[in-house]
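First comes the structure, then the notes that go with it.
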Amino acid sequence: MRGENQDLVYADPDRLVFSVADGVGGGEGGAVASAMVCANLKMMLYAAGEDFASRKAAVQQAIEEANAEIFERSRRKGLSAMGSTVAVLVMDPADRRRVAVCNVGDSRVYLIRGGMPELLTRDHRLDGSHTLTRAVGIGGKVHTRWFESVCDHGSGFLVCTDGVHDPLTDARIAVFSSAGPVEAAARRLSDDVLKHGAPDNYSFVLVSI
């Protein structure tokens with residue numbers, strides 16, 4: 001129903017980093033902000049070390065630098081409330097069962113284990129509303145929330161924007177995200193979002209272990 005898609009996905013299977021970003025602010029602002037977040041992630045991870053700690057540090061630095069660049073651009077261009085959400089999944093190259101996740105805003109990371117959902121991130125928005133309390137670029141500093149987990153083989157992860165989790169319950173998300181091979185599960189999840197009206201653009205990355 002939106003005239004412009006301000007969602008972007010950055011997925012790097014070689015570096016085991018998967019992310020989504022959802023722009024905040026009308027017109028140019030939101031689309032540019034989400035693009036800047038993904039561009040910084042790509043640039044920082046390209047130069048990052050091969051170990052788990054280096055990749056987490058690169059993600060953190062990318063978010064901080066994107067925040068500074070978006071904030072400065074919004075001031076220079078006079079774009080009010082220009083920003084972006086972001087959610088990132090980082091897998092340990094030494095043991096893919098060990099993961100770290102972070103988010104800013106209301107994009108999410110779920111662990112899907114045994115057909116059950118476990119939300120690994122916490123939304124930064126006012127209860128009962130779509131008003132964000134945090135976003136990349138809306139202030140001079142950005143505060144990320146990191147969480148680490150160890151999961152079992154056969155588990156999966158869903159990294160998604162609010163266009164997925166707002167129209168669907170967590171239970172439905174888990175059912176469709178674990179329904180068979182990952183490609184088929186992704187199609188079924190997308191179809192279910194559309195079935196429930198897809199009131200917003202929706203983007204997601206589905207990862208299996």
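The values are calculated or read from the model by the stated rules, or taken from the named source; none is laboratory data. Owing to the predicted nature of the structure, the values given are computational and were not obtained by experimental measurement. Don't worry about glycine lacking a Cβ; one is built from the backbone with ideal geometry, like all the others, and counts go over all protein chains shown. Heads up: the accessible areas ignore ligands, DNA and RNA and are worked out on the full protein's heavy atoms, side chains in. Shrake-Rupley method; radii C 1.70, N 1.55, O 1.52, S 1.80 Å.
Below is a table of values for the structure above.
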read-out	value
With eigenvalues of the C-alpha gyration tensor scaled by 5 and rooted, the range 120-209, Å	25, 19, 11
Residue of A68, A184, A100 that the Gaussian network model of the chain assigns the largest fluctuation, springs spanning Cα pairs under 10 Å	A184
Heavy-atom accessible area order for D162, D152, largest first, 1.4 Å probe	D152, D162
Label point 7 Å beyond Cα of L119 along Cβ direction - residues of the range 168-209 with amide nitrogen under 15 Å	168-174
Estimated vicinal HN-Hα couplings, Hz - the range 204-209 in sequence order (Karplus 6.51, -1.76, 1.60; Gly, Pro = x)	7, 10, 10, 10, 10, 9
Protection proxy ranking of 32-42, 11-21 - average other beta-carbon atoms within 10 Å, highest first	32-42, 11-21
Reachable lysines from K141, criterion Cα separation under 30 angstrom, eight or more residues apart if same chain	K42, K56, K77
GNM flexibility winner over the chain from G29, G128, G105 (Cα, springs under 10 Å)	G128
Volume of the Cα convex hull of the range 96-137, divided per residue and given in Å³	81 Å³
Distant-in-sequence amide H partners of V20 (H built 1.01 Å from N, under 5 Å)	Y10, A87
Packing-based ranking, highest mean first, of 82-94, 107-119 given that Cβ atoms within 10 Å are counted	82-94, 107-119
In Å², nearest 10: area of H196 left accessible to a 1.4 Å probe	80 Å²
Pair-distance profile P(r), taking every C-alpha pair of the chain, with 5 angstrom steps and integer %	1, 8, 16, 21, 20, 16, 11, 5, 1, 0
Sites matching trypsin sites (Lys or Arg not before Pro) across the range 124-179 that sit in DSSP coil, with at most 12 neighbouring C-beta atoms within 10 Å	K141
Per-residue SASA entry for R122, accessible area with 1.4 Å probe, Å² rounded to 10	140 Å²
Point-to-point label distance, A57-D12, nm (Cα→Cβ direction, 7 Å offset)	1.5 nm
Long-range amide H partners of R96 with built H, under 5 Å	none
Loop GluC sites (Glu not before Pro), the range 11-94 (other Cβ atoms within 10 Å of the site Cβ: 14 or fewer; DSSP)	E50
